[in-house]
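The values are calculated or read from the model by the stated rules, or taken from the named source; none is laboratory data. Every value quoted in this text rests on a predicted model; they were computed, and no experiment measured them. Here the Cβ positions follow ideal geometry from the backbone for every residue, glycine too, while neighbour counts run over all protein chains shown. In case anyone asks, the SASA skips ligands and DNA or RNA and just uses the protein heavy atoms, side chains included. Shrake-Rupley method; radii C 1.70, N 1.55, O 1.52, S 1.80 Å.
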Amino acid sequence: GYDEVVLLTGFPSFAARKMVEELVRGPERTLVHAVVRAKSLPEAEAALDGLPLEQRRRVVLVEGDAAAMDFGLSGAELRSLAPEIDIIHHMAQVSYLGADKKLATQVNVGGAREVVEVALQCTALKNLVYHSTAQVSGDRTGLVLEDELDKGQGFRNVVEETLARGERIVWVHREKLPISIVRPTIIVGDSQTGEVDRFDGPYFLILLIVTSPPDFPLPLPGRGDTHLNLVPIDYVVRAAKAIGRHPRAPGRTFHIGDPAPLTVRRVFELVATAGGRRSPRGFIPANLTKALLRTPGLDRLAKSPRAFLDALATPVSYSFANTTELLADSDVRCPPFESYVDGIVEYVQHRLREKRERERESAEIEDPLV
C-alpha cells in the first residue's frame, strides 16, 4: 500500500534526520527503513518522536551498521527486506574535517562497498543515491564539472579523500546498478529555522563575527574575493529526494548548491549586518591567519577551522548543469543566502545564549556561596 519504499543509512545524523523528515512529508506514502547502529537507537527513537504520528508510523528503525557486511543484517533479514526496496539513500558518512583517518576509511570507504553489495540484492531497485560532497574536487581550482572526479587533484583532509574513494567504488557498478551521485557544496543550517547540528566550516567565522564587540570591524582571512559555496540543508534533502525519484537520474552526478554563490566578503558582510556588527574591514594574509588559528583552545568554539580556511582560499566553482536540468520542472530551488542569513545568525546567537545560561547555572550549583 506504499507508493515507494526507501532504505536509508546514516540515521540519526543531522542530514539523515532531515532526509527522513522530507521523505515522509507530502502527499506520497513513503515507507522508510532506516539503518541505525545499536548504540544510536535511543537517539533515533527520540528523533522520530518529533514527527507527526502518521509520519512516524512510516519510519522503521532497522538495527545494523552501514559499514558492516550486509549492513550487519542477518541473511533472513536481508532476504526479506531487499525485494521491497525501490530507492536507497546512502547517507552514512564521516564528514567532520578533523576525523580520524581509520574511522573515515571504515565508514566512507567500507560503507560504499557494503551499499553496493546490498543494492545488488534489491531486485526492484530504481535508484541508489550515494551522498558525497562537492569537495571531492580537493585542491582543484576553476570550474568543476559534475561528471568529473579524478583530475589529478590533491586532497586537503581525510573526508575529501575517503568520500572520493567511496564514489569510485560505487561508480564502477553503474552498468549493473541504477546509481546517482549527489555532491552538496558546504552545508549550512535550515533556511527556515537556522537549525544545524554543529558549528564547523563557515560557522567558525560566523562565531567570530557575532561574538566580537559591536563596533569592532573584524578583518577577513584572505582577500575575500573567492566564492563561498554555501547550501542550506533543507534544499539539499529536497533536491536529493527529487533526484532519487527521477527516472533520468541514474548514471549521472549532481552538484547540489547555490548556482549564484556569493563571495566570502559579501557573505560575511551579510552575517555582520544580521548580527548587528560592523562589516569586515581589511584582511589578514592567509599565512598569518593560519598561524593565529594555532591558538590553544580555539577548536572548542568551532571544529577544524584550519581545514575550512584551506577551502576558503581555493578559487573553485561548480557546474550545476545536471541538477538544473533535472529539477527544471519542479519547484525545488536553492534559496539565496540573503533570504536566510538572519535565521542562520539568530540560531547561532540562540545557541550561544543557551551555552552561557548553562555555564551560569553550573557555576551557581558548584559554588552555592556566590
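Cβ-Cβ distances below 9 Å connect the following pairs, each with a first residue in region 130-146 that is under 15 Å from T323 (Cβ atoms) and at pLDDT 95 or above, a second residue that is open to solvent by less than 10 Å² (accessible area, probe 1.4 Å) and basic (K, R), and a separation of six or more residues or different chains: H131/R183; S132/R183; T133/R183; A134/R183; E146/R183. For R183, the conditions (1) outside any strand (DSSP E or B); (2) open to solvent by less than 60 Å² (accessible area, probe 1.4 Å) all hold with the exception of (1). Quick one: would you say R248 is touching a Phe, Trp or Tyr at 6+ places or on another chain (Cβ under 9 Å) and among the charged types (D, E, K, R)? No, not satisfied. Restricting region 300-329 to residues that are in a loop (DSSP other than H, G, I, E, B), surrounded by fewer than 19 Cβ atoms within 10 Å (Cβ to Cβ) and modelled with pLDDT of 95 or more leaves a set whose member that is farthest from the chain's Cα centre (by Cα) is A328. If the condition is being touching a residue at least 40 places away in the same chain (Cβ under 8 Å), within 17 Å of A92 (Cα to Cα) and open to solvent by less than 20 Å² (accessible area, probe 1.4 Å), then region 34-80 contributes V35, A66, F71. Looking only at region 135-159, residues that are touching an Asp or Glu at 6+ places or on another chain (Cβ under 9 Å), within 26 Å of I243 (Cα to Cα) and outside any loop (DSSP other than H, G, I, E, B) come to 3 in all.
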